[in-house]
Amino acid sequence: MSAIPTDARRIAPATARNRDPILDVLRAELPASGTVLEIASGSGEHIVHFARALPHLRWQPSDPSPDARASVAAWTRAEELPAILPPIALDAADDAWPIGPVEAILCINMVHISPWAATKGLIAGAAARLPDGGLLYLYGPYRRTGMVTAPSNEAFDEDLRRRDPRWGLRLLDDVSALAADHGFGAAHVIEMPANNISILYRKLA
C-alpha cells in the first residue's frame with residue numbers, strides 16, 4: 001500500500017481506477033507535441049500520471065481552488081516532472097482564461113459536478129484556444145438518448161442534485177449541440193469502465 005502523503009498532496013481514490021483506461025485513449029489521440037491544458041485538475045493525480053507516461057508534451061494544470069492547485073504543485077514536486085507547468089487559477093465558467101492557445105484540452109469528471117455555466121464556458125474557451133483539429137477530451141458519466149442509465153449513475157445523479165441542484169449528469173446530446181455551436185465536430189464516444197465514457201470533440205477547420 002502506498003504511503004499517505006503528509007504534505008499538500010490530495011488523493012482521489014477513483015483516479016487509481018480510471019487513469020490507465022483514460023491514458024490508453026489519450027495515447028492514441030493527443031498530438032505529438034505542444035501544450036495540453038487540463039481543466040479542473042483537482043488533486044493533480046491524473047496530470048501527474050499522464051505527464052509521466054507522455055513527457056514529450058507540456059502539461060498545464062488548472063483549478064479554481066487554491067487547495068487543489070497546492071495539491072497539484074505538491075505532486076509535481078514529489079514526482080519531479082518538469083513537463084508539468086505550475087498550476088494556474090482558472091474557472092471554466094469565466095469569460096477570460098489566463099492562458100492562450102493550446103494544442104489539446106482535457107476535462108475529467110467536471111461537467112456533472114458543476115453548474116451548466118461551467119460546461120458552456122469550457123466549450124467556448126476550448127473553441128477560442130484550440131487549433132483546427134485540436135482535441136477537447138471529456139470523461140465522466142452522462143445520460144444518452146435511447147440508452148438506459150445505469151442504476152449506479154442514477155443514484156449518483158440523485159446524490160449530486162441533493163448536494164447542489166445545479167449539478168447532475170448531463171445529456172450527451174446537449175453537450176454535443178453546444179460543441180457544434182462552437183465549431184466542433186460530432187462526438188466520438190468511447191465506452192469506459194464503471195459506466196463512464198470518453199468523449200472526443202475535434203475543432204473543425
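The values are calculated or read from the model by the stated rules, or taken from the named source; none is laboratory data. This is a predicted model, so every value here is computed, not measured. A quick note on method: Cβ atoms are made from the backbone with ideal geometry, for glycine too, and the neighbour counts reach across all protein chains shown.
Please pick out the residue among ARG17, ARG58 that is in contact with a Leu (Cβ under 7 Å, 6 or more places away or on another chain), of a type outside the set (A, V, I, L, M, F, W, C) and at negative phi. Lay out the reasoning, then the answer.
Working: ARG17 fails: in contact with a Leu (Cβ under 7 Å, 6 or more places away or on another chain).
Result of the check over ARG17, ARG58: ARG58.
Specify the residue that is nearest to ARG27 (Cα to Cα); the eligible residues are those in region 53-86 that are of a type in the set (Lys, Arg) and under 17 Å from the mean Cα position of the chain (by Cα).
For region 53-86, the residue satisfying everything is ARG58.
What number goes with the only condition from (1) crowded, with 16+ Cβ neighbours inside 10 Å; (2) over 20 Å from THR15 (Cα atoms); (3) not small (Gly, Ala, Ser) that ARG166 does not pass?
(1)
Restricted to region 183-201, and to residues that are part of a strand (DSSP E or B) and among the polar types (S, T, N, Q), which residue is nearest to the chain's Cα centre (by Cα)?
Step by step, filter region 183-201, then rank; the result is SER198.
When you scan region 114-125, do you find a residue that is without any contact (Cβ under 8 Å) to a residue 24 or more places away in the chain and over 15 Å from the mean Cα position of the chain (by Cα), even just one?
No, region 114-125 contains no residue that is without any contact (Cβ under 8 Å) to a residue 24 or more places away in the chain and over 15 Å from the mean Cα position of the chain (by Cα).
Suppose the filter is surrounded by fewer than 21 Cβ atoms within 10 Å (Cβ to Cβ) and modelled with pLDDT under 95; does ALA96 pass it?
Considered against the rule, which asks whether it is surrounded by fewer than 21 Cβ atoms within 10 Å (Cβ to Cβ) and modelled with pLDDT under 95, ALA96 comes out as yes.
Report, ordered by the first and then the second residue, all pairs with beta carbons closer than 8 Å, sequence separation of six or more or different chains, a first member in region 177-197 that is of a type outside the set (S, T, N, Q) and surrounded by 15 or more Cβ atoms within 10 Å (Cβ to Cβ), and a second member that is modelled with pLDDT under 95 and part of a helix (DSSP H, G or I).
As it stands, the answer is MET192/ASN18, since those pairs meet every condition given.
Under 6 Å by Cβ, and 6 or more places apart or on different chains, what pairs join a residue from region 19-35 that is over 14 Å from ILE108 (Cβ atoms) with one that is β-branched (Val, Ile, Thr)?
THR35/VAL102
Just for strands (runs of 3 or more DSSP E) wholly inside region 24-120: which have at least 1 residues that are basic (Lys, Arg) and closer than 16 Å to LEU130 by Cα? Spell out how you get there, then give the answer.
Details: elements: 35-39, 58-60, 104-108.
In region 24-120, the matching strands (runs of 3 or more DSSP E) lie at 58-60.
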